[in-house]
Structure formats: C-alpha cells, structure tokens
Amino acid sequence: MTQSRHATIGEELETRHKKSAELYKEALDVFPGGVTHDSRYMRPFPMYVTHARGARKWDVDGNEYVDFFGGHGALLLGHCHPQVTAAVSEQVQKGSHYGANHALEVEWGKLVQELVPSTRGGGKVKFVASGTEATLMALRLARAFTGKEVIVKMRGHFHGWHDYATVGMSEPWDAPSSNGVPLGTRQSMRVIPANDVAALEQALAPGDVAGVIMLLNGLSTAYLEQVREVTRRNGVVLIFDEVITGFRYAPGGAQEYFGVTPDLSTHAKILAGGYPGGSVSGRADIMAMLDHHDEDDDWQRYKRVAHPGTFNANPVSAAAGVACLKLVKDPAVQRKAIATADKIRAGMNDSFERRGVPGNAGGEVSILSIAFTNPRITGRELVWRFRGAMQLGGADFSYLGGMVSAVHDERDVDQTVTAFDQALGRLQAEGVV
C-alpha cells in the first residue's frame, strides 16, 4: 500500500489562503513586487488581513492568528486599544489636519520630555512623520551642530530606508543595502562592528565625525557607558535610535533600562500609538539648531536646520500618541509584556530541546528572536518557511522573531508555544532543520 504524502508548508498555505492568493495576484499588477513594505513580501504570497483586536488578527480567508508582527513593533498596547481608539475617534470628528498648531502637540511633546532621559531637564522635541525621518533629522542636526560631516554607525543596525541608513546595513558592509545610493553619501558614513570600543576609538581618531548613531538592543550597560565616554571626550553627538526600543524596554526606553543617556534620541512606532509619527529629542543646545532667529538673516539662511513636514504632529497621530504615552508611562505595562515573552521563550526552548533541533529562543525584554543552528536553508527562504509554518498553527511572526504586547494572555502563550512546536515538526519533516 502506498503511503499518502503530507502537504508541504507551501501547499497547505495555498489551500488555507485562497483569497489572499487571489489578492496578491491582483496586487502584482498594482505594486512593484506586489507589496507596500519589503517585510510583507512572502512566498508563496503574503497574508491579507481584514481586522485586528487586542493580540489577534484575522485574514480574508477567516483564519485567526495570535499576532507578533505587532504593527512592526508599534503596538505595545495591542490592536485597537480602547483608550487609543477613543482618542482617535474623538479627534477625527474635529479634524485630521488643521495646517496650524494645536494643544495636543504640546501635550504630546511634554510627555516625551517627561519620559525620555535625554530630553528631561530642559531638552526639546521635534516631531516628524516616521522613524526614517527621525533618524535622518538626527544626523542632520549632528552635522549642523558640530560642523563635521562623517557619521559612524554599527554594522547591521537598521535606521530606516533613507540613503545614509542603507550603508553598512547588510553584508558586504561596504555596499549599501539598496541600489541608487550616491557614492558621496556612502563616503560620509563610517561603519564599525558593535561591541568594539577600539573600533570606535579608531573611527573617531581623524576628528571628522559629527555623530554616532546606534540601536541599543543586544548591547550592555558596560559597553554603552564606554561609548558615552568616548563620544563625549571627542565632542561627538551620540544618537540612540529608539524607534523600536523606545517605551518598550521601560517607560523611558532602552536608555532608561541600561542607564546610559545619549545627546539625541529618535522615536516612532509606540510614540504615536500605532499611527504615523516620529520624533527627535534631546539636548537643548543641539535642538536649538532648529530655532528661528528672525533678526539674523545669516542664521536663517545658512546656519539654521530647516524642517517643514506636512504631517508633523498631525492632530490624529498626536491624539493617539498622547493616549498611548499616558498608558505606557506605567512600568506595569512593560513588565506584563516582558513576563509574557519570557513564558513564550521558555516554551519554545522546551520544544527545541524535546525535538532535538539545534537552536534557541532569545531576544530581550518583550522582543522575541528565534535562532536555528546550522539550518539546511538560510536567508529569506528560511524566514518564509518558518513564518508560514507558524501561520498554519495560528501565530504570525515577523522574520525569525516577534513583538509581544501587554495584552497577550495565557491563551495566546499556549497557542503560540503549540504552533511553534508544530512548526519545528514541519521544518524537520521538510529537511529544513
């Protein structure tokens, strides 16, 4: 008797997601690559979602998932948090864009000053519309303040999609992660490995560096303290990119968590409660490069950092941001998300051990990270297979990891750990791990 063959991950995804497959086919005629964000590109096709609430979301085929994509990390409070939703609903009845200042932007800015260590005690805030804009503005401020041009960044640290951020993003480190980046832009960036103070000292030695920009996840207090000391000694602006870590590691972000304060901080995602919004904030003397001096024509034309932006601090994002920050200033929010993530990690690592699959579930605080030791396939193909296998178990991850919110509960933990165990089984059966 011939034994029936089990469907592969890809085959079962096609069976369960026919409407998503149809929408993707349509999207290919509309969008380059069929998607509107690189990380949503997936084989055999991406998921199309109809609605989400709390820690869960539903696709066009009626499948339900525990969500760990988390709005690309923006939704520490989960989908459609009632207080954030109520604030937005109230604001859209009043107007989405005034083309004028409004009280909510002041309240929002004061919350940033209260929460972010680099901005306490007189620091200033500038709102932008995204994390990419925030890091771009921070680099410009550092250059304007110091009168120097070179920026040092760490290998593999993601700071958005602008030209400067593409340098040193992926191997080979001397080539940008995107085509279309001018040589001059690349030459203004100096890329070094993280956790290497000697490399940092060497990068700053020529005396032409305006700023150092870096992520904080995966680092240590001891290393960050050394970076702080070296940059201060060399008169270099230290920028902590907290677009992901801000308000997630602690109410004051990773800089509060590690106890090291930069000169400038960049934020987005949680900052605006899941709506479009970002900020640069920090030392008043650096932020003063944005000040207006009407009596000084030379300053206004040649020295000031100009900054327009149609959607800066728009009332809808400000309403969401105010509501969100008022909630996440309570450290119980971060503690809940971290405790839940710890339970998921423990369950996943138990599955790794029980199934004899080399690898581990790690990551810091409420950020999950999955690592396979010497898998038989790597890169995007491994990501697609893993994510697809998790979706078949009713959990949606981002790449080889995910973001845990403060509203994931025990039911979500149990379903996720079960989905992961089943995913490992499928990956073993297909010879992936």
The stretch 202-227, residues that are in contact with a helix residue (DSSP H, G or I) (Cβ under 6 Å, 6 or more places away or on another chain) and surrounded by 14 or more Cβ atoms within 10 Å (Cβ to Cβ): A210, G211, V212, L216, L224, Q226
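Answer yes or no: is there a residue in the stretch 368-391 that is of a type in the set (S, T, Y) and crowded, with 23+ Cβ neighbours inside 10 Å.
Just the residues of the stretch 368-391 that are of a type in the set (S, T, Y), to begin with: 369, 373, 378.
Still in the list and also crowded, with 23+ Cβ neighbours inside 10 Å: none.
No: the stretch 368-391 contains no residue that is of a type in the set (S, T, Y) and crowded, with 23+ Cβ neighbours inside 10 Å.
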Cβ pairs under 7 Å, 6+ apart, first in the stretch 317-330 and of a type in the set (S, T, N, Q), second open to solvent by 10 Å² or more (accessible area, probe 1.4 Å) and at pLDDT 95 or above: S317/Y275; S317/P276
Enumerated strands (runs of 3 or more DSSP E) restricted to the stretch 121-227, each holding at least 2 residues that are β-branched (V, I, T), over 30 Å from V106 (Cβ atoms) and touching a residue at least 40 places away in the same chain (Cβ under 8 Å): 150-154, 209-214
Out of R335, R301, R354, sole residue that is in contact with a helix residue (DSSP H, G or I) (Cβ under 9 Å, 6 or more places away or on another chain), surrounded by fewer than 17 Cβ atoms within 10 Å (Cβ to Cβ) and not in a loop (DSSP other than H, G, I, E, B): R354
The stretch 166-175, residues that are in contact with a Ser or Thr (Cβ under 6 Å, 6 or more places away or on another chain) and either acidic (D, E) or surrounded by 21 or more Cβ atoms within 10 Å (Cβ to Cβ) (or both): T166
Hey, V328 surrounded by 22 or more Cβ atoms within 10 Å (Cβ to Cβ) and more than 30 Å from E14 (Cα to Cα) or not: yes
Residue list for the stretch 45-63, restricted to those being under 17 Å from W384 (Cα atoms) and either in contact (Cβ under 8 Å) with a residue 60 or more places away in the chain or assigned to a strand (DSSP E or B) (or both): M47
Subset of the stretch 48-70 that is touching a strand residue (DSSP E or B) at 6+ places or on another chain (Cβ under 9 Å) and more than 16 Å from D412 (Cβ to Cβ) - its residue that is most open to solvent (accessible area, probe 1.4 Å): H51
Pair list, Cβ < 8 Å and 6+ apart or interchain, from the stretch 384-395 residues that are more than 16 Å from W58 (Cα to Cα) to residues that are of a type in the set (D, E, K, R) and assigned to a helix (DSSP H, G or I): A389/R426
Subset of the stretch 249-283 that is closer than 26 Å to P315 by Cβ, of a type in the set (A, V, I, L, M, F, W, C) and outside any loop (DSSP other than H, G, I, E, B) - its residue that is farthest from the chain's Cα centre (by Cα): L264
Some residue of the stretch 272-291 being free of Cβ contacts under 8 Å to residues at least 40 places away in the same chain, more than 21 Å from F240 (Cα to Cα) and of a type outside the set (S, T, Y): yes
Qualifying residue in the stretch 72-87 (condition: assigned to a strand (DSSP E or B) and either in contact (Cβ under 8 Å) with a residue 24 or more places away in the chain or not hydroxyl-bearing (S, T, Y) (or both)): yes
The lone exception for M42 - which of (1) over 24 Å from S369 (Cα atoms); (2) assigned to a loop (DSSP other than H, G, I, E, B); (3) open to solvent by less than 30 Å² (accessible area, probe 1.4 Å) it fails: (1)
Leading residue by the ranking (surrounded by the fewest Cβ atoms within 10 Å (Cβ to Cβ)) among those in the stretch 304-325 that are part of a helix (DSSP H, G or I) and not hydrophobic (A, V, I, L, M, F, W, C): P315
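The values are calculated or read from the model by the stated rules, or taken from the named source; none is laboratory data. The shown structure was predicted, so the numbers you read here are calculated from the model rather than taken from an experiment. FYI the Cβ positions are ideal-geometry reconstructions off the backbone, even for glycines, and counts take in every protein chain you see. Heavy atoms of the whole protein, side chains included, go into the accessibility calculation; ligands, DNA and RNA do not. Shrake-Rupley method; radii C 1.70, N 1.55, O 1.52, S 1.80 Å.
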